[in-house]
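Beneath this line is the structure, given in structure tokens, with notes to follow.
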Amino acid sequence: ENDPAKKQQYLEKINSSAGLLLDLVNDTLELSRIESGKSTIHEEIVNEEEIIPAVVSSLRPSAELKGIKLETDFSIITNHTVKCDKLKVEKIALNLISNAIKYTPEGGTVKVQFIPGPKDFPKCDYSLVVEDNGIGMSKDFLKHMFEPFSQEKREEARKTQGTGLGLAIVKRYVDQLQGRIDVKSTKHKGTRWIVSLP
């Protein structure tokens, strides 16, 4: 192909396909590690401001590119240290926030914040909330959202690429870390995730 514009178009498609394939391979391998009991917990003492805010910073350019407002409120965790598996917590946040950006149309809002932990889960001081006003999920899909390779077949999500493994990995990590994950979602109105970890 001699046309530079077409060449660029082809290269972008190749790059996008390669990225999706890499995600699929990595997520499949990770899910396999978790389910075979090979995924271990590596705890360390970290400042919470080093985890979630860093994940948000890495995703901000993709939100801006899509014309989505990414709001944060981390005021509750000032100078707060925790003992956790940093990589797993980052992966949980990365999957939930990137999904929120992915499934929120242009002009929408994604909010990431910490709130006090649930009273009936005293091991958790703070919960992570990821909320969007995107396309939401149907009641039927909510029953299957944590199943591997499950993706809701909707016209609004037709152009959105994904492996269908992100939420499955999130749920297994939360379970492995002895936490809990709650979701409220309404079709065409948005989704609110609350992750509570000890």
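The values are calculated or read from the model by the stated rules, or taken from the named source; none is laboratory data. Computed from a prediction, not measured in an experiment: that's the story for all the values here. Cβ coordinates were reconstructed from backbone atoms using ideal geometry, including for glycine residues, and neighbour counts include every protein chain displayed. Please note that ligands, DNA and RNA were not included when accessible areas were found on the heavy atoms of the full protein model with its side chains. Shrake-Rupley method; radii C 1.70, N 1.55, O 1.52, S 1.80 Å.
List of remarks:
- Amide proton proximity set for Y126, modelled H, under 5 Å, gap of 5+: G117
- Charge dipole (Cα centre; +1 on Lys/Arg Cβ, -1 on Asp/Glu Cβ; no other charges) of region 110-198 amounts to roughly 160 debye.
- Working from Cα pairs under 8 Å separated by at least six residues, relative contact order for region 29-96 is 49 percent.
- Computed on region 1-96, the Cα convex hull volume stands at 126 Å³ per residue.
- Solvent-accessible heavy-atom area per residue, rounded to whole Å², over region 1-108 at 1.4 Å: 63 Å²
- Here the Karplus relation 6.51 cos²θ - 1.76 cosθ + 1.60, evaluated at θ = phi - 60°, turns the backbone of region 182-189 into coupling constants of 10, 9, 10, 9, 10, 4, 6, 10 Hz, with x for every Gly and Pro.
- Calculated FRET value between L87 and K189, using beta carbons and R₀ = 35 Å, to 0.05: 0.60
- For the chain, the dipole from Cβ point charges (+1 on Lys and Arg, -1 on Asp and Glu) about the Cα centre works out to 540 debye, to the nearest 20.
- Karplus (6.51, -1.76, 1.60) ³J(HN,Hα), θ = phi - 60°, over region 91-104, in Hz, Gly and Pro reported as x: 5, 4, 5, 4, 5, 5, 6, 5, 4, 4, 5, 4, 9, 10
- Computed Rg/Rh of the chain, alpha carbon atoms with Kirkwood Rh: 0.98
- Stretched out straight at 0.36 nm per residue, the stretch from H42 to T72 would grow longer than its current Cα-Cα span by 8.1 nm.
- Calculated FRET efficiency for the pair E35/S62, C-beta based, R₀ 25 Å, to 0.05: 0.25
- For R180, solvent-accessible area (1.4 Å; no DNA, RNA or ligand), Å²: 70 Å²
- Relative frequency of Cα-Cα separations exceeding 14 Å in region 83-122, percent: 63 percent
- Furthest towards positive pole of dipole, V110, A168, M137, structure part region 72-171, Cβ charges: A168
- Protein accessible area in the chain, 1.4 Å probe - carbon and sulfur %: 52 percent
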